[in-house]
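Enquirer: A single structure is presented below for examination.
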Amino acid sequence: MNKLFNILKEKYIYIIYLLITIFFIYQYSLGVGWDFITYILNAKYLFSNGIYFEWFRPPLTPFLIGVFSIFTWGLAPYTYIILVTTVHFFSSLKFADKFNLNKNLYYVLSLSPFLLINGLTEGTELLSLSLLQLFLAYYNRKGSSIFLSLAFLIRYPNIIFLPLILFKKNLKKILFDLFILILIMSPWLLYNYHFTGNALTSIVDSYALNVKFRLEYILFNFDIII
């Protein structure tokens, strides 16, 4: 019994990771938001001659789901969820290690009720957070912008973290990171240009819908009583 207790004490963080993964899989089985459904439809459009596509959606989530369609379209979203929870687990440990935090405690505290409810309901929030954590965890290394680039292709607003690259003290690292950023984004920009005639179609459409004209179709009334 003591041996079993010691094993559980050392490995409990992996048990939590497993339980969290099962939770998100179960959550998906109950139903997800329209955004997640659209990412699946975009994936089918890109990989399986689907008939519905929204240009303003960033491409990485549909791409990953499309790749996982090799396991059938029914299993693809579940495989994507397993990937995301694994990346979040790994990134949390690396982030904590980078900033000298208790790894296990940081990971447990990151699993807030808000994260559990919203992290994968729409499909991208948890992976976006995970990639940003990896960017910061490997910030001082050459090429860390690969994670920022991927985070941008998950959620366009992540571009606000781009100036962090310029804070690196080594000019070669800055130039290399900017090159990596452009290199990773180029295929999506070229795809936009090929099919729409404008390399920024997806990004501009997303900005227009979610920022510039947002208040025209989303009404927000603040009521202190509520």
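Enquirer: Output the number of the condition that Ile154 fails; it satisfies all remaining conditions of (1) at pLDDT 95 or above; (2) within 16 Å of the chain's Cα centre (by Cα); (3) of a type outside the set (Lys, Arg); (4) not in a loop (DSSP other than H, G, I, E, B).
Expert: Here Ile154 meets the rest and fails (4).
Enquirer: Please specify each residue of the range 139-169 satisfying the condition of being open to solvent by 70 Å² or more (accessible area, probe 1.4 Å), more than 26 Å from Tyr207 (Cβ to Cβ) and of a type outside the set (D, E, K, R).
Expert: Asn140
Enquirer: Leu93: buried (at least 16 other Cβ atoms within 10 Å of the Cβ) and more than 16 Å from the chain's Cα centre (by Cα), yes or no?
Expert: yes
Enquirer: Trp188 fails exactly one of the following numbered conditions: (1) open to solvent by 60 Å² or more (accessible area, probe 1.4 Å); (2) part of a helix (DSSP H, G or I). What is the number of that condition?
Expert: Answer for Trp188: the failing condition is (1).
Enquirer: Taking the range 48-62 as the search range and keeping residues that are within 15 Å of Phe36 (Cα to Cα) and without any contact (Cβ under 8 Å) to a residue 24 or more places away in the chain, which one is surrounded by the fewest Cβ atoms within 10 Å (Cβ to Cβ)?
Expert: Applying the filter and picking the extreme gives Tyr52.
Enquirer: Under 6 Å by Cβ, and 6 or more places apart or on different chains, what pairs join a residue from the range 131-147 that is closer than 15 Å to Lys172 by Cβ with one that is open to solvent by 60 Å² or more (accessible area, probe 1.4 Å) and not hydrophobic (A, V, I, L, M, F, W, C)?
Expert: Going by the 6 Å Cβ cut-off, the qualifying pairs are Lys142/Lys173.
Enquirer: Would you confirm, using the coordinates I've provided, whether Lys172 is touching a residue at least 12 places away in the same chain (Cβ under 8 Å), over 17 Å from Lys98 (Cα atoms) and open to solvent by 60 Å² or more (accessible area, probe 1.4 Å)?
Expert: yes
Enquirer: Now for a different question. Write out, first by first residue and then by second, each pair whose Cβ atoms fall under 8 Å of each other, whose residues are 6+ apart or on separate chains, and whose first residue, in the range 79-93, is farther than 10 Å from Leu126 by Cα while the second is of a type in the set (Lys, Arg).
Expert: These pairs meet every condition: Ser92/Lys103; Leu93/Lys103.
Enquirer: Name every residue in the range 32-57 that is under 13 Å from Ala76 (Cβ atoms), modelled with pLDDT of 95 or more and among the hydroxyl-bearing types (Ser, Thr, Tyr), in order of residue number.
Expert: If the condition is that a residue be under 13 Å from Ala76 (Cβ atoms), modelled with pLDDT of 95 or more and among the hydroxyl-bearing types (Ser, Thr, Tyr), then Tyr39 is the only one that fits.
Enquirer: OK, next. So which residues in the range 116-131 are farther than 18 Å from Trp34 by Cα and of a type in the set (A, V, I, L, M, F, W, C), if there are any at all?
Expert: Within the range 116-131, Leu129, Leu131 qualify.
The values are calculated or read from the model by the stated rules, or taken from the named source; none is laboratory data. The model shown is predicted, which means the values in this text are computed figures rather than measured ones. All Cβ positions, glycine included, derive from the backbone under ideal geometry; neighbour counts span all protein chains shown. Surface accessibility is based on the protein's heavy atoms, side chains included, excluding ligands, DNA and RNA. Shrake-Rupley method; radii C 1.70, N 1.55, O 1.52, S 1.80 Å.
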